[in-house]
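The values are calculated or read from the model by the stated rules, or taken from the named source; none is laboratory data. Just so it is clear, the structure is predicted and the values come from calculations on it, not from any experiment. When we count neighbours, we look across all protein chains shown, and the Cβ atoms used for this are built from the backbone with ideal geometry, even at glycine. Just so you know, the surface numbers come from the protein's heavy atoms only, side chains and all, with ligands and any DNA or RNA stripped out. Shrake-Rupley method; radii C 1.70, N 1.55, O 1.52, S 1.80 Å.
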Amino acid sequence: MIDQETSDDTAALLHDSAHRLFASLDERDVVAVEQGHWPNETWGKVADAGFPLAFVGEAAGGFGIAAAQAMTVLRVAAFHAAPVPLAETMLANRLLTEAGFPAATGPATIASTVPGRVVLERRGSGFRLRGHAAGVSWGRHADIIVLLAAAGERLSVVRLRRSVVEIEPHASLANLPADRVAVNSDIPDDDVRPAPAQWTQDTLRAAGAAVRTAEMAGALARVLELTVTYANERVQFGKPIGRQQAIQQQLAVLAGQVAACGGAADIAARAFARLDEVAIAAAKVRAGEAASIAAPIAHQVHGAIGFTEEHRLRLFTRRLWAWRDEFGSERSWSRVLGRQAMAAGAERLWPFIVSVGAGQGA
(Lines give C-alpha, C1' and ligand atoms only; values in the text may rest on other atoms or scores of the structure.)
Protein backbone atom coordinates (compact mmCIF):
# COMPACT_ATOMS: atom_id res chain seq x y z
CA MET A 1 0.00 0.00 0.00
CA ILE A 2 1.29 3.48 -0.93
CA ASP A 3 1.53 5.81 2.05
CA GLN A 4 0.00 9.27 1.88
CA GLU A 5 3.34 11.10 1.74
CA THR A 6 4.51 9.03 -1.23
CA SER A 7 1.14 9.54 -2.92
CA ASP A 8 1.32 13.31 -2.43
CA ASP A 9 4.88 13.42 -3.77
CA THR A 10 3.86 11.46 -6.86
CA ALA A 11 0.92 13.76 -7.51
CA ALA A 12 3.14 16.84 -7.13
CA LEU A 13 5.74 15.47 -9.55
CA LEU A 14 3.03 14.56 -12.06
CA HIS A 15 1.48 18.02 -11.76
CA ASP A 16 4.81 19.78 -12.30
CA SER A 17 5.72 17.60 -15.26
CA ALA A 18 2.33 18.14 -16.90
CA HIS A 19 2.45 21.88 -16.25
CA ARG A 20 5.88 22.22 -17.89
CA LEU A 21 4.76 20.33 -20.95
CA PHE A 22 1.38 21.92 -21.52
CA ALA A 23 2.60 25.44 -20.74
CA SER A 24 5.20 25.04 -23.49
CA LEU A 25 2.73 24.10 -26.21
CA ASP A 26 2.07 26.49 -29.07
CA GLU A 27 -1.29 28.18 -28.59
CA ARG A 28 -1.59 28.48 -32.35
CA ASP A 29 -2.33 24.76 -32.34
CA VAL A 30 -5.52 25.49 -30.40
CA VAL A 31 -6.71 27.78 -33.18
CA ALA A 32 -5.61 25.29 -35.84
CA VAL A 33 -7.58 22.47 -34.22
CA GLU A 34 -10.73 24.61 -34.26
CA GLN A 35 -10.15 24.99 -38.00
CA GLY A 36 -9.99 21.24 -38.48
CA HIS A 37 -6.24 20.58 -38.37
CA TRP A 38 -4.53 17.84 -36.37
CA PRO A 39 -1.62 19.03 -34.13
CA ASN A 40 0.74 16.14 -34.87
CA GLU A 41 3.78 17.68 -33.18
CA THR A 42 1.83 18.55 -30.04
CA TRP A 43 0.35 15.07 -29.80
CA GLY A 44 3.83 13.60 -30.22
CA LYS A 45 5.09 15.52 -27.21
CA VAL A 46 2.12 14.42 -25.10
CA ALA A 47 2.54 10.80 -26.17
CA ASP A 48 6.29 10.87 -25.50
CA ALA A 49 5.54 12.01 -21.93
CA GLY A 50 3.42 8.88 -21.48
CA PHE A 51 0.33 10.79 -20.39
CA PRO A 52 -2.11 8.80 -22.60
CA LEU A 53 -1.23 5.79 -20.40
CA ALA A 54 -1.83 7.53 -17.08
CA PHE A 55 -4.94 5.42 -16.31
CA VAL A 56 -3.22 2.17 -17.30
CA GLY A 57 -1.70 -0.24 -14.80
CA GLU A 58 2.03 -0.79 -14.67
CA ALA A 59 1.71 -4.38 -15.95
CA ALA A 60 0.14 -3.05 -19.16
CA GLY A 61 2.83 -0.42 -19.68
CA GLY A 62 1.22 2.46 -17.82
CA PHE A 63 2.17 4.60 -14.86
CA GLY A 64 0.71 2.28 -12.25
CA ILE A 65 -0.60 5.20 -10.19
CA ALA A 66 -3.97 5.82 -8.59
CA ALA A 67 -6.64 7.19 -10.90
CA ALA A 68 -7.08 10.19 -8.61
CA GLN A 69 -3.46 11.14 -9.24
CA ALA A 70 -3.78 10.58 -12.98
CA MET A 71 -6.69 13.01 -13.08
CA THR A 72 -4.17 15.72 -12.19
CA VAL A 73 -2.87 15.52 -15.75
CA LEU A 74 -6.31 16.27 -17.15
CA ARG A 75 -6.83 19.29 -14.90
CA VAL A 76 -3.48 20.75 -15.97
CA ALA A 77 -4.14 20.01 -19.65
CA ALA A 78 -7.51 21.77 -19.44
CA PHE A 79 -5.90 24.71 -17.60
CA HIS A 80 -3.77 25.22 -20.72
CA ALA A 81 -6.54 24.35 -23.24
CA ALA A 82 -4.40 21.53 -24.62
CA PRO A 83 -5.63 20.87 -28.18
CA VAL A 84 -5.39 17.06 -28.04
CA PRO A 85 -7.74 14.17 -27.11
CA LEU A 86 -5.89 13.33 -23.92
CA ALA A 87 -8.92 12.54 -21.73
CA GLU A 88 -10.46 10.43 -24.48
CA THR A 89 -7.26 8.45 -25.09
CA MET A 90 -6.62 7.93 -21.37
CA LEU A 91 -10.14 6.58 -20.90
CA ALA A 92 -9.99 4.43 -24.04
CA ASN A 93 -6.70 2.92 -22.91
CA ARG A 94 -8.14 2.15 -19.49
CA LEU A 95 -11.02 0.22 -21.03
CA LEU A 96 -8.83 -1.47 -23.64
CA THR A 97 -6.26 -2.76 -21.18
CA GLU A 98 -8.83 -3.91 -18.61
CA ALA A 99 -10.45 -5.94 -21.41
CA GLY A 100 -7.11 -7.52 -22.31
CA PHE A 101 -6.21 -5.42 -25.35
CA PRO A 102 -2.90 -3.60 -25.62
CA ALA A 103 -3.10 0.16 -25.16
CA ALA A 104 -3.56 2.23 -28.30
CA THR A 105 -0.32 3.45 -29.82
CA GLY A 106 -1.91 6.64 -31.15
CA PRO A 107 -4.87 8.89 -30.38
CA ALA A 108 -8.01 7.03 -29.36
CA THR A 109 -11.50 7.89 -28.22
CA ILE A 110 -14.66 6.48 -26.68
CA ALA A 111 -18.06 6.13 -28.33
CA SER A 112 -20.70 6.19 -25.60
CA THR A 113 -23.96 4.78 -26.94
CA VAL A 114 -27.38 3.93 -25.59
CA PRO A 115 -28.30 0.22 -25.39
CA GLY A 116 -29.47 -1.12 -28.75
CA ARG A 117 -27.97 1.73 -30.77
CA VAL A 118 -25.06 -0.52 -31.85
CA VAL A 119 -25.66 -4.21 -32.59
CA LEU A 120 -22.92 -6.85 -32.49
CA GLU A 121 -23.60 -10.22 -34.11
CA ARG A 122 -21.43 -13.32 -34.47
CA ARG A 123 -20.53 -13.99 -38.11
CA GLY A 124 -18.40 -17.04 -38.72
CA SER A 125 -14.97 -16.55 -37.15
CA GLY A 126 -15.65 -12.86 -36.47
CA PHE A 127 -18.46 -10.39 -35.83
CA ARG A 128 -20.68 -7.98 -37.68
CA LEU A 129 -21.12 -4.56 -36.09
CA ARG A 130 -23.76 -2.09 -37.19
CA GLY A 131 -25.06 1.13 -35.72
CA HIS A 132 -23.97 4.65 -35.02
CA ALA A 133 -22.90 7.02 -32.27
CA ALA A 134 -23.17 10.81 -32.19
CA GLY A 135 -20.92 13.35 -30.54
CA VAL A 136 -17.79 11.18 -30.58
CA SER A 137 -15.02 13.49 -29.42
CA TRP A 138 -12.08 13.64 -31.82
CA GLY A 139 -13.55 10.76 -33.84
CA ARG A 140 -12.04 11.89 -37.14
CA HIS A 141 -8.52 11.95 -35.66
CA ALA A 142 -8.65 8.77 -33.58
CA ASP A 143 -6.78 5.68 -34.76
CA ILE A 144 -8.95 3.56 -32.44
CA ILE A 145 -12.56 4.07 -31.31
CA VAL A 146 -13.59 1.99 -28.31
CA LEU A 147 -17.19 1.13 -27.49
CA LEU A 148 -19.35 -1.35 -25.66
CA ALA A 149 -21.79 -3.49 -27.60
CA ALA A 150 -23.98 -6.45 -26.71
CA ALA A 151 -23.83 -9.75 -28.56
CA GLY A 152 -26.82 -11.57 -27.15
CA GLU A 153 -26.64 -11.38 -23.36
CA ARG A 154 -22.92 -10.68 -23.30
CA LEU A 155 -21.50 -7.16 -23.29
CA SER A 156 -18.26 -6.79 -25.22
CA VAL A 157 -15.52 -4.21 -25.61
CA VAL A 158 -15.05 -3.49 -29.31
CA ARG A 159 -11.86 -2.00 -30.72
CA LEU A 160 -12.83 -0.17 -33.89
CA ARG A 161 -10.17 0.87 -36.34
CA ARG A 162 -10.73 4.06 -38.28
CA SER A 163 -10.68 2.17 -41.58
CA VAL A 164 -13.96 0.33 -40.84
CA VAL A 165 -16.09 3.33 -39.82
CA GLU A 166 -17.73 6.22 -41.62
CA ILE A 167 -17.23 9.58 -39.96
CA GLU A 168 -19.46 12.59 -40.45
CA PRO A 169 -17.64 15.65 -39.08
CA HIS A 170 -19.42 17.75 -36.47
CA ALA A 171 -18.23 20.22 -33.85
CA SER A 172 -19.03 20.74 -30.19
CA LEU A 173 -19.85 24.08 -28.59
CA ALA A 174 -16.11 24.42 -28.05
CA ASN A 175 -15.62 24.05 -31.82
CA LEU A 176 -13.75 20.80 -31.20
CA PRO A 177 -14.44 17.57 -33.13
CA ALA A 178 -17.63 15.84 -31.93
CA ASP A 179 -18.33 13.57 -34.86
CA ARG A 180 -21.04 11.13 -35.89
CA VAL A 181 -19.55 7.68 -36.32
CA ALA A 182 -21.40 4.98 -38.27
CA VAL A 183 -20.35 1.38 -38.78
CA ASN A 184 -21.73 -1.56 -40.74
CA SER A 185 -18.72 -3.81 -41.07
CA ASP A 186 -17.21 -7.17 -40.31
CA ILE A 187 -15.00 -7.04 -37.22
CA PRO A 188 -12.20 -9.55 -36.61
CA ASP A 189 -12.56 -11.77 -33.57
CA ASP A 190 -9.34 -10.25 -32.21
CA ASP A 191 -11.04 -6.83 -31.96
CA VAL A 192 -13.81 -8.02 -29.64
CA ARG A 193 -13.29 -9.00 -26.00
CA PRO A 194 -15.72 -9.69 -23.13
CA ALA A 195 -16.31 -6.55 -21.10
CA PRO A 196 -15.03 -6.65 -17.51
CA ALA A 197 -17.90 -6.92 -15.02
CA GLN A 198 -17.62 -3.31 -13.80
CA TRP A 199 -17.98 -1.85 -17.30
CA THR A 200 -21.50 -1.18 -18.56
CA GLN A 201 -23.00 1.56 -20.72
CA ASP A 202 -23.88 3.41 -17.50
CA THR A 203 -20.45 3.10 -15.89
CA LEU A 204 -18.74 4.08 -19.15
CA ARG A 205 -20.83 7.26 -19.20
CA ALA A 206 -19.94 7.83 -15.55
CA ALA A 207 -16.24 7.41 -16.31
CA GLY A 208 -16.57 9.97 -19.09
CA ALA A 209 -18.37 12.33 -16.73
CA ALA A 210 -15.55 11.98 -14.21
CA VAL A 211 -12.87 13.00 -16.71
CA ARG A 212 -14.98 15.89 -17.94
CA THR A 213 -15.40 17.07 -14.33
CA ALA A 214 -11.62 17.08 -13.93
CA GLU A 215 -11.23 19.08 -17.12
CA MET A 216 -13.90 21.56 -16.04
CA ALA A 217 -12.02 22.15 -12.79
CA GLY A 218 -8.84 22.91 -14.73
CA ALA A 219 -10.56 25.23 -17.19
CA LEU A 220 -12.40 27.09 -14.41
CA ALA A 221 -9.15 27.64 -12.54
CA ARG A 222 -7.76 29.30 -15.67
CA VAL A 223 -10.91 31.39 -16.07
CA LEU A 224 -10.42 32.70 -12.53
CA GLU A 225 -6.76 33.50 -13.19
CA LEU A 226 -7.56 35.37 -16.42
CA THR A 227 -10.41 37.30 -14.81
CA VAL A 228 -8.49 38.40 -11.73
CA THR A 229 -5.54 39.46 -13.89
CA TYR A 230 -7.80 41.48 -16.18
CA ALA A 231 -9.60 43.13 -13.26
CA ASN A 232 -6.26 44.23 -11.78
CA GLU A 233 -4.93 45.54 -15.10
CA ARG A 234 -8.00 47.21 -16.60
CA VAL A 235 -8.06 50.82 -15.43
CA GLN A 236 -11.29 52.79 -15.39
CA PHE A 237 -11.81 56.23 -13.83
CA GLY A 238 -8.19 56.24 -12.73
CA LYS A 239 -8.08 52.92 -10.87
CA PRO A 240 -8.20 49.17 -11.67
CA ILE A 241 -11.75 47.88 -11.94
CA GLY A 242 -10.76 45.16 -9.47
CA ARG A 243 -10.91 47.77 -6.71
CA GLN A 244 -14.59 48.39 -7.30
CA GLN A 245 -16.74 46.72 -4.67
CA ALA A 246 -19.20 45.33 -7.20
CA ILE A 247 -16.39 43.69 -9.16
CA GLN A 248 -14.81 42.35 -5.97
CA GLN A 249 -18.11 40.74 -5.01
CA GLN A 250 -18.36 39.10 -8.42
CA LEU A 251 -14.79 37.83 -8.20
CA ALA A 252 -15.54 36.37 -4.77
CA VAL A 253 -18.50 34.45 -6.21
CA LEU A 254 -16.33 33.30 -9.11
CA ALA A 255 -13.61 32.08 -6.76
CA GLY A 256 -16.18 30.22 -4.67
CA GLN A 257 -17.51 28.39 -7.72
CA VAL A 258 -13.98 27.49 -8.83
CA ALA A 259 -13.29 26.03 -5.40
CA ALA A 260 -16.57 24.08 -5.45
CA CYS A 261 -15.77 22.66 -8.87
CA GLY A 262 -12.30 21.68 -7.66
CA GLY A 263 -13.87 19.83 -4.75
CA ALA A 264 -16.30 18.10 -7.09
CA ALA A 265 -13.41 17.05 -9.31
CA ASP A 266 -11.62 15.58 -6.30
CA ILE A 267 -14.70 13.48 -5.50
CA ALA A 268 -15.06 12.36 -9.12
CA ALA A 269 -11.38 11.46 -9.32
CA ARG A 270 -11.57 9.24 -6.25
CA ALA A 271 -14.86 7.72 -7.42
CA PHE A 272 -13.42 6.90 -10.84
CA ALA A 273 -11.46 3.85 -9.64
CA ARG A 274 -14.68 2.24 -8.36
CA LEU A 275 -16.88 3.65 -11.12
CA ASP A 276 -19.16 4.96 -8.37
CA GLU A 277 -22.00 6.40 -10.47
CA VAL A 278 -23.72 8.21 -7.61
CA ALA A 279 -20.62 10.10 -6.45
CA ILE A 280 -19.68 10.94 -10.02
CA ALA A 281 -23.25 12.09 -10.72
CA ALA A 282 -23.13 14.51 -7.79
CA ALA A 283 -19.72 15.79 -8.88
CA LYS A 284 -20.77 16.34 -12.50
CA VAL A 285 -23.92 18.18 -11.43
CA ARG A 286 -21.96 20.48 -9.14
CA ALA A 287 -19.30 21.12 -11.76
CA GLY A 288 -21.96 21.99 -14.31
CA GLU A 289 -23.59 24.39 -11.85
CA ALA A 290 -20.23 26.02 -11.16
CA ALA A 291 -19.58 26.52 -14.86
CA SER A 292 -23.06 27.97 -15.37
CA ILE A 293 -22.44 30.59 -12.67
CA ALA A 294 -18.73 31.30 -13.17
CA ALA A 295 -18.49 31.69 -16.95
CA PRO A 296 -21.04 34.55 -17.17
CA ILE A 297 -19.26 36.38 -14.35
CA ALA A 298 -15.94 36.10 -16.17
CA HIS A 299 -17.46 37.54 -19.34
CA GLN A 300 -19.21 40.32 -17.43
CA VAL A 301 -15.90 41.40 -15.87
CA HIS A 302 -14.07 41.23 -19.19
CA GLY A 303 -16.81 43.00 -21.12
CA ALA A 304 -16.93 42.72 -24.91
CA ILE A 305 -13.24 41.84 -25.24
CA GLY A 306 -13.82 38.45 -23.62
CA PHE A 307 -15.97 37.36 -26.57
CA THR A 308 -13.43 38.23 -29.26
CA GLU A 309 -11.47 35.63 -31.20
CA GLU A 310 -8.23 37.23 -30.05
CA HIS A 311 -8.86 36.80 -26.33
CA ARG A 312 -8.02 33.59 -24.48
CA LEU A 313 -11.10 33.60 -22.28
CA ARG A 314 -13.32 32.16 -25.01
CA LEU A 315 -11.09 29.07 -25.28
CA PHE A 316 -11.99 28.08 -21.74
CA THR A 317 -15.60 29.22 -21.41
CA ARG A 318 -16.61 27.49 -24.64
CA ARG A 319 -15.01 24.28 -23.40
CA LEU A 320 -16.88 24.62 -20.13
CA TRP A 321 -20.19 25.01 -21.94
CA ALA A 322 -19.44 21.95 -24.07
CA TRP A 323 -18.12 19.72 -21.27
CA ARG A 324 -21.08 20.65 -19.06
CA ASP A 325 -23.33 18.53 -21.31
CA GLU A 326 -20.93 15.84 -22.53
CA PHE A 327 -21.26 12.39 -20.91
CA GLY A 328 -24.48 13.54 -19.29
CA SER A 329 -25.87 16.98 -18.50
CA GLU A 330 -26.75 18.32 -15.07
CA ARG A 331 -30.37 17.36 -15.71
CA SER A 332 -29.61 13.76 -16.67
CA TRP A 333 -27.28 13.16 -13.72
CA SER A 334 -29.76 14.88 -11.38
CA ARG A 335 -32.31 12.28 -12.45
CA VAL A 336 -29.85 9.55 -11.46
CA LEU A 337 -29.46 11.12 -8.03
CA GLY A 338 -33.20 11.59 -7.71
CA ARG A 339 -33.92 7.94 -8.46
CA GLN A 340 -31.31 6.85 -5.91
CA ALA A 341 -32.75 9.19 -3.28
CA MET A 342 -36.27 7.89 -3.88
CA ALA A 343 -35.04 4.31 -3.65
CA ALA A 344 -33.41 5.10 -0.30
CA GLY A 345 -36.76 6.12 1.14
CA ALA A 346 -37.57 8.61 3.86
CA GLU A 347 -35.76 6.80 6.67
CA ARG A 348 -32.53 6.35 4.75
CA LEU A 349 -32.52 9.64 2.84
CA TRP A 350 -30.13 11.51 5.12
CA PRO A 351 -27.60 8.65 5.32
CA PHE A 352 -27.74 8.48 1.52
CA ILE A 353 -27.06 12.21 1.18
CA VAL A 354 -24.05 12.22 3.51
CA SER A 355 -22.66 9.04 1.96
CA VAL A 356 -22.34 10.50 -1.54
CA GLY A 357 -18.64 10.99 -2.16
CA ALA A 358 -17.69 9.91 1.35
CA GLY A 359 -15.16 7.18 1.92
CA GLN A 360 -13.82 7.27 -1.61
CA GLY A 361 -10.41 5.70 -1.33
CA ALA A 362 -7.66 7.11 -3.50
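Overview of results
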item: Surface accessible to a 1.4 Å probe, per residue, for the residues of the chain, Å²; result: 45 Å²
item: Residue 62 long-range amide H proximity, modeled H, under 5 Å; result: 57
item: Whole-number percent relative contact order across segment 201-357, with pairs defined as alpha carbons under 8 Å at least 6 apart; result: 32 percent
item: Cα gyration tensor, segment 1-84 - rounded (a/c under 1.5), prolate or oblate; result: prolate
item: Estimated vicinal HN-Hα couplings, Hz - segment 318-333 in sequence order (Karplus 6.51, -1.76, 1.60; Gly, Pro = x); result: 5, 5, 4, 5, 6, 5, 4, 9, 6, 6, x, 7, 4, 5, 5, 6
item: Scattering profile of segment 201-357 at q = 0.13, 0.18 Å⁻¹ [log10 I(q)/I(0), Debye over alpha-carbon scatterers]; result: -0.63, -0.97
item: Average projected area [Cα convex hull, segment 273-319], square nanometres; result: 4.0 nm²
item: Using θ = phi - 60° and Karplus 6.51 cos²θ - 1.76 cosθ + 1.60, couplings along segment 226-235 (whole Hz; Gly, Pro as x); result: 4, 6, 5, 4, 5, 5, 7, 9, 7, 9
item: CD proxy at 222 nm, helix term only [per DSSP H run n ≥ 4: -39500 (n - 2.57); per residue of the chain; nearest 500]; result: -17500 deg cm²/dmol
item: Relative contact order of segment 1-84, defined on C-alpha pairs under 8 angstrom at six or more residues apart (%); result: 37 percent
item: Sum of side-chain charges, residue 78 neighbourhood, beta-carbon under 11 Å (Lys, Arg +1; Asp, Glu -1); result: +3
item: Translational diffusion coefficient (Stokes-Einstein; Kirkwood radius from C-alpha pairs) of segment 104-196 at 10 °C, 1.306 mPa s, in µm²/s; result: 120 µm²/s
item: Those chymotrypsin sites (Phe, Trp or Tyr not before Pro) in segment 234-322 that DSSP places in a loop and that have at most 12 other beta carbons within 10 Å; result: 237
item: Solvent-accessible area, 1.4 Å probe, carbon plus sulfur percent, for the chain; result: 51 percent
